[in-house]
Amino acid sequence: MWLCMKTSPRMMLRNWEDIWLSSEEILHKRLKANQFYPFTIRQPNVYELNYLNKSLCIGIILITSSFFFFIICLLFSVPGISHLAGFFVFVFLVGVWLILTNIGRRSIIIDLIENKYEFYNYRYLMHKGPLEEIYIRLKSQKTSQGVLYYKLILNGPHIEVLNLTGIKLSRNQESLEKLGLRLAAKLNLNYFDCCDVSSRHFIRHWPH
């Protein structure tokens, strides 16, 4: 799941400019601006990430698009509009369901003082666990032509898989690995390679 966070017009313009950059270049740029990206400093040694479930964004898009196309069909008297009405209502209801089930803002708090992390849905604590449970990992994906692409994720029990490199994939494994290790070091988290058995894992916290 990619991150869906609140953005200002300036940030939206900056994200539009990033469309020409590779995923590792975008992540490097963001880490240069904020060495704990996508987290922010809540207090010394305590970091916080606030985000929205992408299903909420999808729900808003479904409602908006179904309403828009329904109005267009009415204005231009599209033949067979009565047959399409059921489809528009279905899409609208799916959008409403996605919004209602994902409306709460998610928060992940990493506390290096207590070596714990907390996951909140809106204001409700959903899970609290040791830092050994949450990690950054390099994930690989092979195309039908056998080409490997990579991305960095943040994951842990009871939280959604968060894509740290956005919707773009990269073929530059080495660069993403360096960025992942760099971020894991800043947040004091475990880092895992894309292979389950690998000498490239960097384990800071072991299960007790």
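The values are calculated or read from the model by the stated rules, or taken from the named source; none is laboratory data. None of these values were measured; they are calculated from a predicted model. Here the Cβ is made from the backbone with ideal geometry for all residues, glycine too, and neighbour counts use every protein chain on show. For the accessible areas, the whole protein counts, side chains as well, though only heavy atoms, and no ligand, DNA or RNA atoms are used. Shrake-Rupley method; radii C 1.70, N 1.55, O 1.52, S 1.80 Å.
When you check Ser140 against the structure, is it surrounded by 11 or more Cβ atoms within 10 Å (Cβ to Cβ), more than 17 Å from Leu49 (Cβ to Cβ), of a type in the set (S, T, N, Q) and under 19 Å from the mean Cα position of the chain (by Cα), yes or no? Break it down stepwise before answering.
Details: surrounded by 11 or more Cβ atoms within 10 Å (Cβ to Cβ): yes; more than 17 Å from Leu49 (Cβ to Cβ): yes; of a type in the set (S, T, N, Q): yes; under 19 Å from the mean Cα position of the chain (by Cα): yes.
Considered against the rule, which asks whether it is surrounded by 11 or more Cβ atoms within 10 Å (Cβ to Cβ), more than 17 Å from Leu49 (Cβ to Cβ), of a type in the set (S, T, N, Q) and under 19 Å from the mean Cα position of the chain (by Cα), Ser140 comes out as yes.
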| Single residue of Ile136, Ile167, Ile113 found to be farther than 27 Å from Leu21 by Cα and of a type in the set (Val, Ile, Thr) | Ile113
| Listed residues Ile134, Ile113, Ile108; which is touching a residue at least 24 places away in the same chain (Cβ under 8 Å) and under 19 Å from Cys194 (Cβ atoms)? | Ile134
| said: When the residues of region 30-54 are narrowed to those that are of a type outside the set (Phe, Trp, Tyr) and modelled with pLDDT under 90, which ends up farthest from Tyr120 (Cα to Cα)? | reply: Lys54
| Is it the case that some residue within region 112-135 is over 20 Å from Leu52 (Cβ atoms) and in contact with a Cys (Cβ under 9 Å, 6 or more places away or on another chain)? | no
| query | Can you tell me how many residues in region 36-76 are basic (Lys, Arg) and open to solvent by less than 80 Å² (accessible area, probe 1.4 Å)? | reply | 1
| task | Restrict the check to region 119-126 and report whether at least one residue is of a type in the set (S, T, N, Q) and farther than 19 Å from Val46 by Cα. | result | no
| said: Please pick out the residue among Tyr120, Tyr135 that is at pLDDT 90 or above, within 25 Å of Cys57 (Cα to Cα) and within 19 Å of the chain's Cα centre (by Cα). | reply: Tyr120
